[in-house]
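Visitor: What follows is a structure written as structure tokens; I'll ask about it next.
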Amino acid sequence: MADTDDDYVYDDASGEWIPAAEAAAKKAAAEIASAGVVEVRDSVGNLLADGDSVILTKDLKVKGAGQTLQRGTVIKSIRLTGDAQEIDCRHDSIKGLVLRAEFVRKR
């Protein structure tokens, strides 16, 4: 049963009255998200960072290049894109390659 002593705040996003504690938690989560702090994890749960090297865990057909990257291929010096599931990288024969984090593991 909810406390009747809780203060309620109007939430513009949802259009509902919510407890002040819940509003504070939403605000803190929004601040973290807006700060650009995104955790990118590989297929086995390792935290990835800019400049890491990764290994492909699956054969990947590259759209537009007419080429397949084989499992075990090493991709060096990745860059994080701000999306929790995408990494930007370069391969010898493919420039501007974007990979899903679920198909790589940290080297």
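Visitor: So what's the back-of-envelope 222 nm ellipticity for the chain, counting only DSSP H runs of four-plus at -39500 (n - 2.57) apiece and dividing by all residues, rounded to 500?
Guide: Rounded to the nearest 500, it is -4500 deg cm²/dmol.
Visitor: Net charge near residue 41: determine it from the other residues with C-beta under 15 Å of the C-beta of residue 41, scoring Lys and Arg +1 and Asp and Glu -1.
Guide: -3
Visitor: In terms of modelled amide H atoms, which long-range or inter-chain residues lie less than 5 Å from the amide H of residue 97?
Guide: For residue 97, whose amide H was placed from the backbone, the distant partners under 5 Å are 89, 91.
Visitor: Check the straight Cα-Cα distances from residue 58 and name the lysines below 26 Å, setting aside those fewer than 8 residues away within the same chain.
Guide: 76, 95, 106
Visitor: Amide H of residue 58 versus every other amide H placed in the peptide plane: which residues, excluding those fewer than 5 positions away on the same chain, fall under 5 Å?
Guide: Residues meeting the amide H criterion: 72.
Visitor: Oh, and also: Once amide H atoms are placed 1.01 Å from N in the peptide plane, what residues at a sequence separation of 5 or more from residue 52, or on another chain, have their amide H within under 5 Å of its amide H?
Guide: Long-range HN contacts for residue 52: 78.
Visitor: Using alpha carbons only, how many degrees (0 to 90, rounded to 10) separate the axis of helix 20-34 from the longest principal axis of the chain?
Guide: So the inclination is approximately 20 degrees.
Each value in this text was obtained by applying a stated rule to the coordinates, not by laboratory testing. Predicted model only: the values in this text are computed from it and were never measured. FYI the Cβ positions are ideal-geometry reconstructions off the backbone, even for glycines, and counts take in every protein chain you see.
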